[in-house]
1. Need pairs with beta-carbon distance below 7 Å; first residue under 17 Å from K210 (Cα atoms) and within the stretch 159-182, second open to solvent by 40 Å² or more (accessible area, probe 1.4 Å) and in a strand (DSSP E or B); sequence gap 6+ or separate chains.
2. Among the residues of the stretch 35-61, which ones are over 18 Å from K5 (Cβ atoms), open to solvent by less than 30 Å² (accessible area, probe 1.4 Å) and assigned to a helix (DSSP H, G or I)?
3. Under the condition of being open to solvent by 30 Å² or more (accessible area, probe 1.4 Å) and outside any helix (DSSP H, G or I), which residue from the stretch 92-111 is farthest from T36 (Cα to Cα)?
4. Taking into account only those residues within the stretch 115-128 that are free of Cβ contacts under 8 Å to residues at least 40 places away in the same chain and in a helix (DSSP H, G or I), which is least open to solvent (accessible area, probe 1.4 Å)?
5. If you scan the stretch 13-27, which residues turn out to be under 22 Å from V217 (Cα atoms) and touching a residue at least 24 places away in the same chain (Cβ under 8 Å)?
6. Find the residue count for the stretch 129-163, including only residues that are of a type outside the set (S, T, Y), open to solvent by less than 10 Å² (accessible area, probe 1.4 Å) and within 17 Å of L86 (Cα to Cα).
7. Please go through the stretch 1-34 and give me each residue that is part of a helix (DSSP H, G or I) and either basic (K, R) or touching a Cys at 6+ places or on another chain (Cβ under 8 Å) (or both), ordered by number.
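The values are calculated or read from the model by the stated rules, or taken from the named source; none is laboratory data. Keep in mind it's a predicted model, so treat the numbers as computed, not measured. For neighbour counting, all protein chains shown are included, and Cβ atoms are generated from backbone atoms with ideal geometry for every residue, glycine included. Note: accessible area is taken over every heavy atom of the protein model, side chains too, but ligands, DNA and RNA are not part of it. Shrake-Rupley method; radii C 1.70, N 1.55, O 1.52, S 1.80 Å.
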Amino acid sequence: MAAPKNAFKAALAEGRFQLGLWAALGSAYAAEVLSTSGYDWLLIDGEHGPNDVPMIGAQIGALRHSPTHAMVRPPMGEAWLLKQLLDQGAQSFLIPMVESAAQAKALVRALRYPPHGIRGVGAGLGRASDFNRTPDYLATADDEICLIVQVESRAGVAAIDEIAAVEGVDGVFVGPSDLAADMGLLGNPGAPEVLAAITHVFERTGAHGKARGIMTVSLPQADIYRDLGADFMAIGTDVNCLVSAVENLRRSFLGEAVIEKPGGGY
């Protein structure tokens, strides 16, 4: 028995577009509800969502036998934290604020066992090895890890060729909101200057044969990103969907105009 097949990584390798949604409520129950909503992947957000390791682990468990793949974003790409998330069963990672090839290389090593990395050997205690019921886990785990690095600053854009060239990086994900902020355009991720930077990152990432990802809560922006060549994309968040649904339900009942709020990165 080998490590579970990473369906998201396989789909990217085959060139199949993967549609996702952000999960930031910090609830395994909510994640389970979302897991059968037809999305290919769900981002469990530990950077901005109120999540800790046990809560993230519970959400990974809720998605374990669902058709939706669990991707995890930790608050930072720290090796000690990645080690715990790996043993909890996470196979796909979105790491924020990557600005150099050196950072990317360190992340690759953090997610792999020696001699190719520094991951500690303790998966027998966790879900990753089906609680030590997967005899070939150690020999097969590395191949099923998917590393997506998040470029969301001018420094990251400037270093995109070096970052995308790192062996073990499977894709580059652009964070439009943080990139806009770093460019002096806080709150305006749809600005032409930001779109130009995203276009450049997509072009260079594609030139290195790596997957290109992004997220938005604006469907018009989503169409633009898809046309630019996005290979995977999140088109909303559980928080925004909940807020929109409950507010517009009340407005509809009261006969008030339903509001379509302009969308940005979040």
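1. Pairs found: G171/R212; V172/R212.
2. Kept after step one, since they are over 18 Å from K5 (Cβ atoms), are these residues of the stretch 35-61: 36-39, 43-59.
Then drop every residue that is not open to solvent by less than 30 Å² (accessible area, probe 1.4 Å), which leaves 43-46, 49, 51, 56-57, 59.
Passing the criteria: I56, G57, Q59.
3. Looking only at the stretch 92-111, we keep the residues that are open to solvent by 30 Å² or more (accessible area, probe 1.4 Å), and these are 97, 99-100, 102-103, 105-106, 109.
Retained after the next criterion (residues that are outside any helix (DSSP H, G or I)): 97, 99-100.
On the way: M97: 30, E99: 35, S100: 37 Å.
The selected residue is S100.
4. Among residues in the stretch 115-128 that are free of Cβ contacts under 8 Å to residues at least 40 places away in the same chain and in a helix (DSSP H, G or I), the one least open to solvent (accessible area, probe 1.4 Å) is A123.
5. Start the filter on the stretch 13-27 by keeping residues that are under 22 Å from V217 (Cα atoms), which leaves 16-27.
Selection gives F17, Q18, L19, G20, L21, W22, A23, A24, L25, G26, S27.
6. First, the residues of the stretch 129-163 that are of a type outside the set (S, T, Y): 130-133, 135-136, 138-139, 141-152, 154-163.
In the following step, the residues that additionally are open to solvent by less than 10 Å² (accessible area, probe 1.4 Å) were identified as 141, 145-152, 156, 160, 163.
Still in the running and within 17 Å of L86 (Cα to Cα): 141, 145-149.
Total meeting the criteria: 6.
7. F8, K9, L12
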